[in-house]
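The values are calculated or read from the model by the stated rules, or taken from the named source; none is laboratory data. For clarity, every value in this text was computed on a predicted model and none was experimentally measured. As a convention, Cβ positions derive from the backbone with ideal geometry for all residues, glycine included, and neighbour counts pool all protein chains shown.
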Amino acid sequence: MFEQTFKNIDDILHKDAGCGSELDYVEQTSWVLFLKYLDDLERDKATAAELSGKTYTNIIAPDYKWTVWAAPKDKDGKLDHHRALTGDDLTDFVNIKLFPYLKQFKADAESADTIEYKIGEIFSELKNRIQSGYNLREVINRIDELRFRTHAEKHEMSHLYEAKIQNMGNAGRNGGEYYTPRPLITTIIKVIAPEIGQKIYDGACGSAGFLCEAFNYLRNPQPVDGKQRTLSSKETEILQKQTFYGKEKKSLAYIIGIMNMILHGVEAPNIIHTNTLAENLADIQEKDRYDIVLANPPFGGKERAEVQQNFPIKTGETASLFLQHFIKILKAGGKAGVVIKNTFLSNTDNASVALRKQLLESCNLHTVLDLPGGTFTGAGVKTVVLFFEKGSATQKVWFYQLNLGRNLGKGNPLSEKDLEEFVRLSLSKPESEKSWSVNIKDIDQTTFDLSAKNPNKKEETRLRQPQEILEEMRALDEESAEILNSILELL
């Protein structure tokens, strides 16, 4: 139901003059979807309050309720076309009344950790780009068909919203900017194994994939003595308000991140719209620190000179600045799983050498997961995941090289099954054909080169058949003859 609806909405937006790309489709679908979701959420809360003999106060005023302006129903439960706005009346209401009303929530909210404040933030950052009121009416009608009342419906919705974000990432020049493959995220979280009560942070949260998956992991605790455990109301409140923290620089990614977390079940996400790297590292105090860092910071970007002044190790490479930030913002004993370009392990520039030295001396870099090319659709770079704990120097690093025997791509993505062996072996860190350990005392103490060179990989030399060699020689002779003939024709 959800999947076909999303396809139909994309077809409608494709016809609209105000929407030109997959990014616009996601952004515009998001705000309409959010208002319908909010209406269902309010109805659920009102029902729950009634059952417990309490009174629920609606967040949205009567005139701005979904069931009044977007989808008023007749006595048979069908759309009341007489009361439902459309055309210019609809776009005027949305642009002149609805958006300013919702934007005001930010100023009126009691605190930043409320859903009211998040509503205000979302509608301060977004604007309606759907120019035709008739197209907008069609989008609203499609979204009104969706339900978000049961757990199964919400679960399906969150998965499909993830798929929308993935498409948005694929549409951009850098797929990894919006979307980190979910199997990789869940694997990193399994290895880190966060616990309720720990504060989890992503300073480059994008669409909040790490925070959403960490929430899913923690709200479904592992069975104890074979019995499934349910969270207490206190634990649920800790997960909702005191566990997940994020920062994001780009407006669209920030909005998508908030939306994604709300659709996953975190009502008032602690995500701030800011440039993380604009903060001076010297200003970070103990109260600002986190137990866990999960992140895939943007790589390849270049930061301005004034931003670099915030860091002891000066570099224009965005990912290297983020890594300094993550090391500093971790509590003593804190754990991190960070995706970074594999060239970080071997770059010889002064900043990279200094950063590797700092990482090895201030943290225990216990595990490096070496990922194959194609892990990030459209990113075109090879990456590794650094797993480290702050507070003690690295003695030994365990490397695991993920060799899948197939090319990864859009139609053949990474799966959780691909990473099962890594998760299992990461506990005991053995030597194998795909894994090995490096003692830090054995590496070059001037460059701290950590290149992922697998000493255990068997080099297979395939002996070619004489027939195959002769065929290739004949093909090369024919190609040479064609080139010579082309040259002769020009003379």
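Do we have any residue at all in the stretch 300-317 that's within 21 Å of L184 (Cα to Cα) and touching a residue at least 40 places away in the same chain (Cβ under 8 Å)?
yes
Among (1) over 28 Å from L369 (Cα atoms); (2) charged (D, E, K, R); (3) assigned to a loop (DSSP other than H, G, I, E, B), which single condition is E235 missing?
Going through (1) over 28 Å from L369 (Cα atoms); (2) charged (D, E, K, R); (3) assigned to a loop (DSSP other than H, G, I, E, B) one by one, E235 breaks only (3).
Identify, please: which residue in the stretch 258-313 is crowded, with 17+ Cβ neighbours inside 10 Å and of a type in the set (D, E) and is, among those, nearest to F388 (Cα to Cα)?
Per the stated criteria, the residue is D291.
Of all the residues that make up the stretch 324-364, how many are without any contact (Cβ under 8 Å) to a residue 40 or more places away in the chain and either within 21 Å of A278 (Cβ to Cβ) or not assigned by TED's automatic domain parsing to the domain that holds I192 (or both)?
Looking only at that region, the number is 1.
Out of K103, K73, I need the residue that is farther than 30 Å from N220 by Cβ, surrounded by 14 or more Cβ atoms within 10 Å (Cβ to Cβ), among the basic types (K, R) and over 23 Å from the mean Cα position of the chain (by Cα). Which one?
Answer to the check: K103.
Looking at (1) at pLDDT 95 or above; (2) hydrophobic (A, V, I, L, M, F, W, C); (3) in contact with a Phe, Trp or Tyr (Cβ under 9 Å, 6 or more places away or on another chain), which is the one condition that is false for A70?
For A70, the failing item is (3).
How many residues does the stretch 35-65 contain that are in contact with a helix residue (DSSP H, G or I) (Cβ under 7 Å, 6 or more places away or on another chain), part of a helix (DSSP H, G or I) and free of Cβ contacts under 8 Å to residues at least 60 places away in the same chain?
4
Please enumerate the residues belonging to the stretch 378-433 that are aromatic (F, W, Y) and outside any strand (DSSP E or B).
Within the stretch 378-433, just F422 meets the criteria.
For the stretch 155-210, give me each residue that is surrounded by fewer than 22 Cβ atoms within 10 Å (Cβ to Cβ), out of contact with any strand residue (DSSP E or B) (no Cβ under 9 Å at 6 or more places or on another chain) and modelled with pLDDT of 85 or more.
R182, P183, T186, K190, I196 - these are the residues of the stretch 155-210 that are surrounded by fewer than 22 Cβ atoms within 10 Å (Cβ to Cβ), out of contact with any strand residue (DSSP E or B) (no Cβ under 9 Å at 6 or more places or on another chain) and modelled with pLDDT of 85 or more.
Cβ-Cβ below 6 Å, separation at least six or inter-chain, first residue in the stretch 93-110 and under 17 Å from F34 (Cα atoms) and in the same structural domain as I140 (by TED's automatic domain parsing), second among the polar types (S, T, N, Q) and modelled with pLDDT under 95: which pairs?
Qualifying pairs under 6 Å: K103/S124; K106/S124.
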